[in-house]
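Undergrad: Take this structure first; my questions come after.
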Amino acid sequence: MNKVKSLAILIGVIWGGMATANEHIYRVRANVPIVLDEPASLADLIDTSSLSSAMTKNLAEISVLPAQDKPGQVSWTREETVHNLRAAMTKFLKIDSQARLHIPESVQFNIAAREMNEMNVGYELIKKWQSECADCRMVIESLSLPKVNSVQRWKIERVGSLPKGSFSVPVQLEVAGKKTLPAWISGRLLIERKVPVATKELSSSVRLAPSDWSREYRDVTFAKDGIPTDEDLKGKQLRQALPVGGIIWAGGIAKEKAIHRGELVKVKASEDTFEVSMAFKAQQDAYLGDSISLRNPKTNTVVSGL
């Protein structure tokens, strides 16, 4: 009973029809360019121009067509598309339960080897690095490609972790005669991320409010400090003043004192069957994790603790 009901829902979703207010329409492309030797995913099949990078990434992980080893075309009728997408749609509905696909009369996959040029190589590199930083904007400069003629196929073997500036990655080339040659691709990667930026001059004595910053894309390629969340900033103080447009880094937020000089601090000592606690007076200010001197107000004994 449940299997029959699920199948009916699935077919209804794929075939589309009139959409309700709660349903999300995703349009399937009639012509789908596919790279030789690489599988096609829902991200290739569906128009993703208006989707978020997170959704596009999820769709890219759902396969719809195995990798093809010969150039040419693979065509599906609408009925074949419905049948062939059943497994993919089951996975898609777990991501978006209101998904509906608008399917054309036919879908044609055009399989071709990628030309080895700056646009294609740059796209492939950024696609691989994007998995490490979904919210990053990346630009490749000074891209240098192997000077090899008659390249029929190429494959980037590995890109490593997200580089800071210059990079060099290995690539395998298949030239005429199916001879495989190892080569290298080099260039410089620039990374931008949304960071909190001061909307007005900020002094170190003022507690931050949400109106004190906005999020803007800035170059973080060589940044050594972390990017604080909005929750990290609310109500906090800065270590030093910032001008309008200055970036608020995690290290620029003043640490809150856990203990102030003169405060009474309860010190506990315990074993399995008992616990003893006493009140000591702090001899200095201290942050979380600092070592601090404490004085027993009755005996004037000074002890140290964390």
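The values are calculated or read from the model by the stated rules, or taken from the named source; none is laboratory data. Values in this document were obtained by computation on a predicted structure and should not be read as measured data. All Cβ positions, even for glycine, are placed from backbone atoms using ideal geometry, and neighbour counts span all protein chains on display. Accessible surface is based on the protein model in full, side chains and every heavy atom, while ligands, DNA and RNA are left aside. Shrake-Rupley method; radii C 1.70, N 1.55, O 1.52, S 1.80 Å.
Undergrad: With the cut-off at 19 Å, tell me which of the pairs Lys164/Lys194; Lys57/Lys91; Lys234/Lys255 have Cα atoms farther apart than that. Before the final figure, lay out each step's value.
TA: Numbers: Lys164/Lys194 17 Å; Lys57/Lys91 14 Å; Lys234/Lys255 13 Å.
None, as every Cα separation is 19 Å or less.
Undergrad: Can you tell me how segment 105-174 classifies by the Cα gyration tensor, rounded, prolate or oblate, using a/c under 1.5 as the rounded cut?
TA: Details: a/c = 2.18, a/b = 1.21, b/c = 1.81.
Verdict is oblate for segment 105-174.
Undergrad: Of Val303, Phe222, Ser291, which is farthest along the charge dipole of segment 215-306 in the positive direction, counting Lys and Arg as +1 and Asp and Glu as -1 at C-beta?
TA: Val303
Undergrad: In whole Å, what are the Cα extents of the chain along the three principal axes, biggest one first?
TA: That works out to 89, 61, 49 Å along the principal axes.
Undergrad: Calculate, for Ala254 and Ala60, the FRET efficiency according to 1/(1 + (r/R0)^6) with r their C-beta to C-beta distance and R0 41 Å; round to the nearest 0.05. The partial results should precede the final answer.
TA: Numbers: r = 42 Å, r/R0 = 1.01.
Efficiency at R0 = 41 Å is approximately 0.50.
Undergrad: Mind checking which of Arg158, Arg27, Arg261 has the largest fluctuation in a GNM of the chain, springs on alpha carbons under 10 Å?
TA: Arg261
Undergrad: Can you give the calculated 222 nm mean residue ellipticity of the chain, where each DSSP H run of n ≥ 4 adds -39,500 (n - 2.57) and the sum is split over every residue, rounded to the nearest 500 deg cm²/dmol?
TA: On the way: 7 runs with 60 residues, N = 306.
When only DSSP H runs of four or more count, the value is -5500 deg cm²/dmol.
Undergrad: Over segment 45-182, with the other protein chains present, what is the accessible area per residue in square angstrom, probe 1.4 angstrom?
TA: That works out to 58 Å² per residue.
Undergrad: Sticking with this one: In nm, what is the difference between 0.36 nm times the number of residues separating Ser293 and Glu79 and their Cα-Cα distance? Don't skip to the answer; put the middle values down first.
TA: Values: separation 214, 0.36 × 214 = 77.04 nm, distance 7.76 nm.
Between Ser293 and Glu79, full extension yields 69.3 nm more.
Undergrad: Could you tell me what percent of the accessible area of the chain is made up of carbon and sulfur, with a 1.4 Å probe and every protein chain present?
TA: Details: 9640 of 18900 Å².
Heavy-atom surface of the chain belonging to carbon and sulfur, 1.4 Å probe: 51 percent.
Undergrad: Among Leu145, Leu162, Leu93, which one shows the biggest mean-square fluctuation in a GNM of the chain, springs joining Cα atoms closer than 10 Å?
TA: Result: Leu93 has the largest fluctuation of those listed.
Undergrad: Let's test the formula: R0 of 30 Å, r as the Cβ-Cβ distance of Arg215 and Gln284. What FRET efficiency results, to the nearest 0.05? Intermediate values should be presented prior to the final figure.
TA: Values: r = 38 Å, r/R0 = 1.26.
For R0 = 30 Å, the calculated efficiency reads 0.20.
Undergrad: Let me ask something else about it. If R0 is 25 Å, what FRET efficiency do you get for Val175 and Asn110 from their C-beta distance, rounded to 0.05? Let's see the in-between values first.
TA: Working: r = 24 Å, r/R0 = 0.94.
Given R0 = 25 Å and the Cβ-Cβ separation, E is 0.60.
Undergrad: Would you list, by chain and number, the lysines whose Cα falls below 25 Å from the Cα of Lys298, excluding same-chain residues fewer than 8 positions away?
TA: Lys266, Lys268, Lys281
Undergrad: Using a Gaussian network model of the chain with C-alpha springs under 10 Å, which one of Asn296, Asn117, Asn149 is most mobile by mean-square fluctuation?
TA: Asn296
Undergrad: From the alpha carbon gyration tensor of segment 206-252, can you work out the equivalent ellipsoid semi-axes (sqrt of 5 times each eigenvalue) and give them in Å, largest to smallest? If you can, show how the numbers build up before the last one.
TA: On the way: eigenvalues 61, 26, 24 Å².
Ellipsoid half-lengths, sorted descending, are 17, 11, 11 Å.
Undergrad: Shifting gears a bit: About the Cα centre of segment 117-234, what is the dipole size in debye to 20, counting +1 per Lys and Arg Cβ and -1 per Asp and Glu Cβ, all else neutral? Could you put the intermediate results ahead of the total?
TA: Working: 19 positive and 16 negative charges, 109 e Å.
The calculation lands at about 520 debye.
Undergrad: While we're here: If I model a spin label at Ser52 and Arg153 as a point 7 Å from the Cα along the Cα→Cβ vector, what separation in nanometres do I get?
TA: 3.7
Undergrad: Provide the packing ranking of 37-43, 229-235, 80-86, i.e. peptides ordered by the mean count of other C-beta atoms within 10 Å per residue, highest first.
TA: On the way: 37-43: 17.9, 229-235: 11.9, 80-86: 15.9.
In descending order of packing, they fall as 37-43, 80-86, 229-235.
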